[in-house]
1. Within the range 244-264, can one find any residue that is in the same structural domain as V362 (by TED's automatic domain parsing), more than 12 Å from the ligand (Cβ to nearest atom), without any contact (Cβ under 8 Å) to a residue 24 or more places away in the chain and out of contact with any Leu (no Cβ under 7 Å at 6 or more places or on another chain)?
2. Could you check, for the range 276-293, whether at least one of its residues is among the aromatic types (F, W, Y), away from the ligand (no atom under 15 Å from the Cβ) and either buried (at least 17 other Cβ atoms within 10 Å of the Cβ) or assigned by TED's automatic domain parsing to the domain that holds A331 (or both)?
3. All but one of (1) within 12 Å of the ligand (Cβ to nearest atom); (2) in contact with a Lys or Arg (Cβ under 9 Å, 6 or more places away or on another chain) hold for I298; which doesn't?
4. Which residues, taken from the range 187-239, are in a loop (DSSP other than H, G, I, E, B) and either free of Cβ contacts under 8 Å to residues at least 24 places away in the same chain or away from the ligand (no atom under 11 Å from the Cβ) (or both)?
5. Would you check if M304 is in contact with a strand residue (DSSP E or B) (Cβ under 6 Å, 6 or more places away or on another chain) and away from the ligand (no atom under 14 Å from the Cβ)?
6. For a quick check of your reading of the model, give me the residue pairs whose first member lies in the range 344-368 and is in the same structural domain as F194 (by TED's automatic domain parsing) and free of Cβ contacts under 8 Å to residues at least 40 places away in the same chain, whose second is of a type in the set (V, I, T) and in a strand (DSSP E or B), with beta-carbon atoms closer than 8 Å and at least 6 apart or on different chains.
7. Considering each residue of the range 39-80, count those that are in contact with a Phe, Trp or Tyr (Cβ under 9 Å, 6 or more places away or on another chain) and more than 28 Å from M137 (Cβ to Cβ), and give that number.
8. Which members of the range 78-127 meet the condition of being surrounded by fewer than 16 Cβ atoms within 10 Å (Cβ to Cβ), touching a helix residue (DSSP H, G or I) at 6+ places or on another chain (Cβ under 8 Å) and on the phi > 0 side of the Ramachandran plot?
Amino acid sequence: MQNTATKKKAARLKKPSTVKSTAIKKQKGKSTSKKTQSAAALDPMAVMGISSAYWQSKVLHTAVRLDIFTRLKGRTATAKQLATACKADPRGLEILLVAVVSLGLLSQKGGRYRNNKLSNAFLVKGSPTFQGGIVSMFDSWYPAWGDLYDAVVKGAPVVGKPHDQGPEALRNYIYGMHYRALGQGNLLAKDIDFSGRKHLLDVAGGPGTFCVKFCQKNKGLKATVLDLPQTLEITSEIVGSLGMADRVARRPGNYLTDTFGKGYDSVLLSSMFNQESPKVVKKILKNAYRAIDPGGMILVQDQMLNREKTGPALSALIGVNQLIHTPGGAAYSEKEVSEWMRACGFRKVKTVQLSEPSPFVVLLGEKPKK
Ligand SMILES: C[S@@+](CC[C@H](N)C(=O)[O-])C[C@H]1O[C@@H](n2cnc3c(N)ncnc32)[C@H](O)[C@@H]1O
């Protein structure tokens, strides 16, 4: 999950290499074994960087919570001015700002701070590519991640579902999904052919953003978001704000206990398999199969593991997040999911190569015509 800022920091951390080279020289002088020498040649900062990675996360979370980037939209300010605006302690805020600059998210000249390209694009409210909502969502998960040890030892979640944590947590979660889906939705709408399709069902569709993007791109298409009633209140708000309430319907339902209806020629299952056990995922796939008309299309999108289950790191870490938050969730491999799709009756199952890099794996399949 290395972003640009992380890479920059890792590069900076590598610079003071005197400790490492002195250690190697000493060991060489003592004619140590080849094995010890190669171990010494490894960079201990690789471990240190991972070990302290949450320091960086918390600096970003706090800067977003204080609205630093939005306050700096189109202007520069000193630490003192920002501290007054944020009602924060001047010493505390300046220390935070220095760290934000060091992580590559702000620049500073002559004591005045300004946004850079990265923060302007992703951290200023109102930007079409704003990611602050998902940053706040990760921030809200921080206490639960502190109990990872317990989750691993007990094999059980350490926190309830977002739906059980009050309206604010649920809003953070669904809006986080919305902001995340904006860019990915454009990409999917560009690359997945919906021509001739009339009705898309989005199971556990959350904010409904993918439906909105598909409907905007395909004039003859309407969509239905199936999700829990509490989520759908927020879905209606988002879909309404995008002017698509008449084309994106909301269907209250629990995918664990309810059927999905009938008469859809396409079904989307996005970012919801990894919150459930394989048994539940297969049940959802069976219900999706029943809901789709013959010849209909299934589209599965998730952050999946590779065949060997050695990565990518983001998918593996999402698996850990599911361990913390759900009783049965995990990250699954592309191979596993494709096999489950075929076992439920879908044919022509294939991976779609999107035209731009994306952290998601997208699988397409078809319900046979006869
Ligand atoms: C990670 S979000 C994914 C949202 C959306 N599909 C996306 O990719 O942006 C998971 C969604 O599952 C929904 N969900 C969780 N449990 C559910 C259940 N038992 N029945 C229906 N929806 C559920 C949540 O409300 C949430 O919208």
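The values are calculated or read from the model by the stated rules, or taken from the named source; none is laboratory data. Bear in mind the structure is a predicted one, so any value in this text is a computation, not a measurement. Note that we place each Cβ from the backbone using ideal geometry, even for glycine, and neighbour counts take in every protein chain shown.
1. There is at least one residue in the range 244-264 that is in the same structural domain as V362 (by TED's automatic domain parsing), more than 12 Å from the ligand (Cβ to nearest atom), without any contact (Cβ under 8 Å) to a residue 24 or more places away in the chain and out of contact with any Leu (no Cβ under 7 Å at 6 or more places or on another chain).
2. We begin by selecting, within the range 276-293, every residue among the aromatic types (F, W, Y); these are 289.
From what's left, away from the ligand (no atom under 15 Å from the Cβ): 289.
Add one more test, that the residue is either buried (at least 17 other Cβ atoms within 10 Å of the Cβ) or assigned by TED's automatic domain parsing to the domain that holds A331 (or both), and what stays is 289.
Yes: one or more hits.
3. (1) is the only condition that I298 fails.
4. Residues of the range 187-239 in a loop (DSSP other than H, G, I, E, B): 192-198, 204-208, 218-221, 228.
Residues satisfying the conditions are I192, D193, F194, S195, G196, R197, K198, N218, K219, G220, L221.
5. Numbers: in contact with a strand residue (DSSP E or B) (Cβ under 6 Å, 6 or more places away or on another chain): yes; away from the ligand (no atom under 14 Å from the Cβ): no.
For M304, the condition - in contact with a strand residue (DSSP E or B) (Cβ under 6 Å, 6 or more places away or on another chain) and away from the ligand (no atom under 14 Å from the Cβ) - is not met.
6. T351/V361; T351/V362
7. Going through the range 39-80 one residue at a time, the tally reaches 2.
8. G111, G126
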